[in-house]
Structure formats: structure tokens, C-alpha cells
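So the structure is just underneath, and the comments pick up after that.
Each reported figure results from applying straightforward, stated rules to the coordinates on display, with no laboratory input. Everything quoted here is computed from the prediction, not taken from an experiment. We place every Cβ from the backbone using ideal geometry, glycine too, and count neighbours over all the protein chains shown.
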Amino acid sequence: MARNNRNAILGISAFYHDSAAVLLVDGKIVAAAQEERFTRKKHDPDFPHFAARYCLAEGGLTPADLSCVAFYDKPYLKFERLLETYHAFAPRGLSSFLTAMPVWIREKLFMRKMLKDELARLGDLGGKTWPELLFPEHHLSHAASAFYPSPFDEAAFLTIDGVGEWATTTIGQGAGKDLTVLRELRFPHSIGLLYSALTAWCGFKVNSGEYKLMGLAPYGIEGSQRVRHYRRVLLDNMVDLRPDGSLLLNMDYFDFATGLTMCRADRFEAALGLPQRAGESDITQEYMDLALAIQQITEEAVFRMADTAHALTGSKNLVMAGGVALNCVANGKLLKRGPFQNIWIQPAAGDAGGALGAALAAWHIGQGAPRTAPASAAGGDMMQGAYLGPEFTSVDIARTCRRFDAPATKFEDFGELCSQVAALLADGKAVGWLQGRMEYGPRALGGRSILGDPRRGDMQKKLNLKIKYREGFRPFAPSVLEEYSSECFELDSPSPYMLLVAPVAEARRKPLPEDYWSRSMYDRLYVERSDLPALTHVDFSARIQSVSKTTNPRYWQLIDTFRREQGCPVLVNTSFNVRGEPIVCTPDDAYACFMRTEMDALVLGDFLLTKESQPEWREDVDWRSKFELD
């Protein structure tokens, strides 16, 4: 039942990775945020105290005003899967069993009590009864997050991740307020877990390094004997990929079902003829080729699943969620390939988005609320450009400047500020940019971004090595004015959430040296492949964000100023953080990141700060501000 004449639902995802909270009021997304942005712990899995507190504050509500709290999966089903899996693989997995079971018996089996205890810390119920607690299944939460906010009246849905309770992939159809699951692939057979296993084998961290593997794949040599060899080894020994996109994993090669690692190292190495790469070691061509092989297999699996979804539903529309839906290379190829005319992907496609899906499932399925496709909404969907996090006023920003004795210039005319920033960018400066509400999901979309001039060949190296402090091979994304997207890239559809990869327009490309593919990784990387060298990846691709004047007018104005004054409708956009840290949330976070890196300038709302005018930064300064619970 609605309280205070508003029906408020709090969605929660937690206790695995990327915990988050979402507030729906009368079916509208009022606020959404990941816990890591507040605690500054990357991929924070703990209960989202700060995110939930922010969401309630944004809605002007307390826990007493909630009609429902929805958690993004069913703990009892997950526990059932664990027990059945340990039994099936016994005696393998004893050490994992002894590690996992005490936590489940002590905490996770009592999820209702745990949730009530955690929610009690957010505020008093004022004598009211507890709001209803709902537990939609994990992949239902993904499907709800994909379909309900989409611009479509009806659509096929495809959810692909590592594993929820039992499901690893679902295919179904959404129509009105109804979601119907038509096919389901079950644990341990998972394209997401296969990709994560190869992520680990190539020396990256599971649940956070998969996008690195995707970025490494284009360095593999397409059509080479070694890539064909790795594909053959994987498909002949480790995964049986069926025509409908379903698959079977040969569990003789994997340890994730009952062990503490992803792979059985001895068998992996014997099959591939390649040892597991140690993290931070040099990346040789063998690992680049292996990355390309698993990327190709993943793409083929996604294509076959999409074909099956189309055959089952007959829909021209597809919506996607789950961690594998963040594989923007596969997404871009799927859009170009068909059979779907339109594809919409939840910007918070991973587990953080489960909080949104749980809340929407509670609203439309649990409470039976009707749905109308939000085609008239800003951006054509319900996501409001994914700008759903905290926003900070000029008073907040001025307080940050005073706190750090930071000289800053406040502009009364935002157009003048944009001209100043455009000139700095054209001069080769890297500029931190904090504007409006923080993004929900893993991508910085012009709310919390670091910006550069894409025409400068040195910008990619500068951003990676001197500011982000991350692997030099990592690519950067373009933010392009929506009106100029097809002029710069081979993409005819909007890509507001940076979830589609497409080639740079042919007219902008430069010929490659004859010995290009025989060169080392970094020799290839620093070849200028187009007139937008800072964002053109080694295979001429780019992960595109098309910027709309409707959903982000300030960011659009900056890029348009750069177009008018510098002749280029594109900026390099990377997330405002350094390696190992979450994207910044507050002005304090942004200033600290600015001062601890070689960033040249910082824009906080209407304020411009330049590095040369700042006082010396002290690493022992207590800079971190938090949203306190009490």
C-alpha cells in the first residue's frame, strides 16, 4: 500500500559485487547509485547504506514511507544451487564448501532479518509495520531492468551473465507489464563464466577485468594460425556451442563450480600450450590472440542467442542486460548484423542494475501497475540519460574550494566557461569535468568525466599513463554530438550509454604501415590511424557515446562549443577516476583526483580550477567526505 499518497519502492542489490540502491516513486526512477561511489571501495559488495540513504533523501522520504523493498535475487534458490553443485562434484570442492557454508548459515539464509537490520540503520519506521520485502529472481531483475525502462511497447529480451541463482542466460519477451521467459540456460554452463575464466587466464581480475580483455582482443591478429588454434582448442575441448546459442562447458577444465579459482590450471595450460599470465607482467602476442579467440566465440554465442530470441518472439526489438551485455563490441556487431531492427541495452547492465530491475519488477509484477512505453520521455526511455545520482550546488562547490584553499574562477556565463575549456582542450590539456547528477552504471557520460582533444596523437598516452595510471593499451571513448555521429562513425543509431562499438568513418582513416601487424603492441598503438587518433582503437573501432542536447544540455554545449571554435564535434571522454578507484562522486573526490594526477584543469559546475594556481597537495590531507548514516 502507498504511504504518504506516494508509492515508493526501494530496490537493492548487494553481497556479491557492485551493490546499489534505486528509488522508484509511482513508477518513476527518482534516484539510483552504486555504493562504491560513496565508500570509495571499487565494486563494493556490502549493503548499500550510503546509496540507499542518498536515494531516500533525493525523494524526500524515510523508510517509513516505503511500500516495498525489493532485493535483486532469491537467496534460498542460490543456496540450493550451491548445495546441489557441491553434492554433484563431491569430493571436489571441500575447501570451497568449508569456506562458503559458515557465511550462508550465519548470515545469508536469514536475508529477511539482515535486510531489516540494515534498513533500520537508515531511519525509524515511526511505529509503522515493515514495508513488504520481495525477492524477484536474479535474471528476472535483469530482464525487468532491460524491458521496463526501454522505449519499446514490446520486445524480446536477452539476459546474459555469469550466474544468478541457477540461470546464466534467459530469452523471453516483454509486452505491456508482462515478462515471459521462453528459454533458460542453467549453471554451470555460462558464456559469462567462460569469458571470466579466460579473463583470469590472461592475467586480469574476474568481475572487473573483463572489459580489459575486450580491449585487448583487437591486438590479436585476425585470421592468424594462432587465433584459429585457440578457437579450435576452446571449441573442441572446453565449450560445446550449439546452433541455438546454448552451450555446454566441459567442467574438467573449470574450477569455479566448487573451487576457489576459475580454471583447472594444469588442464588449461596443457590444452592451450600457454601458461596463465601473471598480473602486471608483459602481455605477449599469444595472450592478445587468445583474447581475440574468446571474444570471437562470445560474439558468436550472442549472435546465435539473438537469432533464437528473434525466432521465438518475432519481435523487431531486442533489449539486453546482464554483465555480458556490457560487451559493447558484440553489441555493435549485433546491431549491424541483425536480425533485430532496434536494440536497447540497460546502461547499468551488470549487478548494480539488478537493484533497478528488482524495484521495477515489484512495481509492475508484484503490484500489477500498468506500463506505458516512455517514448516521449527525455532520450526516449525512462533512464533520464542515466543521470540519476547526486548533484551538487554552487554552494557545495564553493565549500570544497574553501576547504582546500583552492583558487577557482566562477563563471556567470556558462558559454564563456565552455569557450575557456574548449581552448584548454585544444591546447592539449586534460580537463576533469563534474556537472549535474552522477551517472548510474559503469560508464562516465559527461557527468563525471575526464576530457581531452581527440585530434592529438599524444592524448591517449597522456590520459592512460599520467592521469589514469592504467595499462597503456586501454582505449578511450568518443563523446560526439548526436547530430554528427554518423558523420564521424559508421553508426546510424543513437548510442547514449556508450554501449556500442562501431568503426571510425572511412573518410577519417589513415593507411596503416605495411609492417603494422608485425609490430609490437605499443608500436601498433601509437600509429595514427585516423584524424581522431586519441580515440581510434587499433582495429579502427571506437566505443561511442552520442550526446543529446535533451538529456545532457551542458555537456552538449561544451562539445558544440568545441565544434564551433575548434572545428571538431567530438571529445575524448574517460571516467573521472584513477586505476583501482571508483568514479568520483563529490566535488571533494574530484578535487583530490585532480590534485593527485597530472590533470591540467578541473571544472566543477560553474567553477574552473587550473593546476598551476593550486596549493601543493599533501597526501596525508583528510579530503574524503562521505554521506554519514547518523
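Remarks
- Projected-area average for the stretch 228-383 over all orientations - Cα convex hull basis, square nanometres: 12.6 nm²
- With a Cα cut-off of under 22 Å and a minimum spacing of 8 residues unless on different chains, the lysine pairs in the stretch 394-613 number 13.
- Sequence of Ser19, Ser96 once ranked by neighbouring C-beta atoms within 10 Å, starting from the fewest: Ser96, Ser19
- Sorted by Cβ density within 10 Å, fewest first, the residues Trp166, Trp517, Trp201: Trp517, Trp166, Trp201
- By the Cα gyration tensor, the stretch 520-603 has an equivalent ellipsoid whose semi-axes, rounded to whole angstrom, run 24, 21, 12 from largest to smallest.
- Cα-based Rg / Dmax (Å) for the stretch 394-613: 16.9, 57
- Mean separation of Cα pairs under 8 Å and 6 or more residues apart, divided by the residue count, gives the stretch 394-613 a relative contact order of 33 percent.
- Pairwise centroid distance, computed over Cα atoms, of the stretch 400-422 with the stretch 156-189, Å: 48 Å
- Computed Kirkwood radius, in angstrom, where 1/r is averaged over Cα pairs of the chain: 25.1 Å
- Residue order, fewest to most surrounding Cβ atoms within 10 angstrom, among Cys488, Cys401, Cys55, Cys263: Cys401, Cys263, Cys488, Cys55
- Relative protection proxy for 69-81, 406-418, from highest mean packing down: 69-81, 406-418 (other beta-carbon atoms within 10 angstrom).
- If a spin label sat at a point 7 angstrom from the Cα of Ser613 along the line to its beta carbon, the backbone N atoms of the stretch 403-433 nearer than 11 Å would be those of 406-411.
- Alpha carbon convex hull of the stretch 71-193, projected area averaged over orientations, nm²: 10.0 nm²
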